[in-house]
1. Check off (1) among the β-branched types (V, I, T); (2) in contact with a strand residue (DSSP E or B) (Cβ under 8 Å, 6 or more places away or on another chain); (3) part of a loop (DSSP other than H, G, I, E, B) for T7 and give me the number that stays unchecked.
2. Collect the residues in region 38-63 that are of a type in the set (G, A, S) and outside any loop (DSSP other than H, G, I, E, B), keeping them in residue-number order.
3. Output the number of residues of region 28-72 satisfying the condition of being closer than 19 Å to K10 by Cβ, in contact with a helix residue (DSSP H, G or I) (Cβ under 9 Å, 6 or more places away or on another chain) and touching a residue at least 40 places away in the same chain (Cβ under 8 Å).
4. Listed residues G52, G20; which is more than 11 Å from the chain's Cα centre (by Cα) and not basic (K, R)?
5. Quick check on Y13: is it out of contact with any strand residue (DSSP E or B) (no Cβ under 8 Å at 6 or more places or on another chain) and aromatic (F, W, Y)?
Amino acid sequence: MAKKHYTKGKGKYYFSIKAGQSNILIHRNSKEEAEHIYLNYKKVGKNVEWLGKWTGKKYAEATAPTATSGAK
């Protein structure tokens, strides 16, 4: 398995896009922006997985946003 050459930032929101055999990990600094981008990918039919806010040891706020959760 390939070693990951990055560290996750505490307090950032993460989601991944599953593209064939690989996953693309995307982060945003604000929850609103992360939800907006996540929902846009979902809207165009991408296979996305919401991970949540990275606390340094685990993901918090791991409930996936929905179109009615207040995201613009």
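1. Every condition holds for T7 apart from (2).
2. Answer for region 38-63, where residues must be of a type in the set (G, A, S) and outside any loop (DSSP other than H, G, I, E, B): G52, A60.
3. So the count comes out to 2.
4. G20
5. Considered against the rule, which asks whether it is out of contact with any strand residue (DSSP E or B) (no Cβ under 8 Å at 6 or more places or on another chain) and aromatic (F, W, Y), Y13 comes out as no.
No lab work stands behind these numbers, since they all come straight from the coordinates. All values reported here derive from a predicted model rather than from experimental measurement. Note that we place each Cβ from the backbone using ideal geometry, even for glycine, and neighbour counts take in every protein chain shown.
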